[in-house]
Structures are given as structure tokens and as C-alpha cells.
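See structure below.
The values are calculated or read from the model by the stated rules, or taken from the named source; none is laboratory data. Keep in mind the model is a prediction, meaning the values are calculated, not measured. Cβ sites come from the backbone with ideal geometry, for glycine too, and all protein chains shown count toward neighbours.
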Amino acid sequence: MICQARHALTHRRDDIDTALKGKSVQTIRSELRQLIGIELPGRTLDSLQQQIEALVNAFAFCQEPQSPAERYEKIKKRNFINSSRLEGLEIKEDVSEQSLEQILAEYREAS
């Protein structure tokens, strides 16, 4: 449902704008529900437009979904950096192209 809403709000904005024009509020709500996949609670045209703008703004800062493997690697690296900080090692967060083994090897050589 969220993916459908994100796609509609980012790629079908013209269809949404067309749905908001020249019809009854019930018809507009029905068309928006079909386009976005979310039931909007607005009872007036102004409130529906405000809700659409709020959704557009909310999704404007969202990143595209990551695959589970990418998300796992990102979390693993973040946890490694944070646990290294507890051990007294300051590891830069911009080492994304290095593997954890390469990072450890650098610190073993330095010790």
C-alpha cells in the first residue's frame, strides 16, 4: 500500500491533480483512493488538497526501498562502527567501499 501511494504521488501527480478538479468531494475521495490506495479522511476539497500535499512532502524525503541484503550490510557496518567506538577505535563512516576485514587489517597494522 505504501509503495502504491509513493508511486502515485511521485509519478502520477497529473492524475491526482485532475481528480481534484470539478467533482463532488465523495467522487474525489473515491478517485484518490483508487489512485493512491489510501482512504483520505478529508471532508472538504481544501482538506483533501492539504492531505495530498502533506503526503507528497512526506514521500519527498523518503529514499527508495533497499533490498534486504543492502539493508543488512548497512546495519552491519553501522553496528561495527559503533561497537568499535566502544573499544576506543574511531572509524570513519565514509569507508563504505571497504570490507570490514580490510578496516580491521588497517587497525591491526597500526597497533
Legend entry - Scan of segment 46-91 for residues that are part of a loop (DSSP other than H, G, I, E, B) and either within 22 Å of I2 (Cα to Cα) or not assigned by TED's automatic domain parsing to the domain that holds Q102 (or both), ordered by number: F61, C62, Q63, E64, P65, Q66, S67
Inset, instruction - Kindly indicate which of Q98, Q66 is modelled with pLDDT under 85 and either loosely packed, with under 10 Cβ neighbours inside 10 Å or over 30 Å from H11 (Cα atoms) (or both). - result: Q98
Legend entry - Unique residue being in a helix (DSSP H, G or I), among the basic types (K, R) and at negative phi when the list is R29, R43: R29
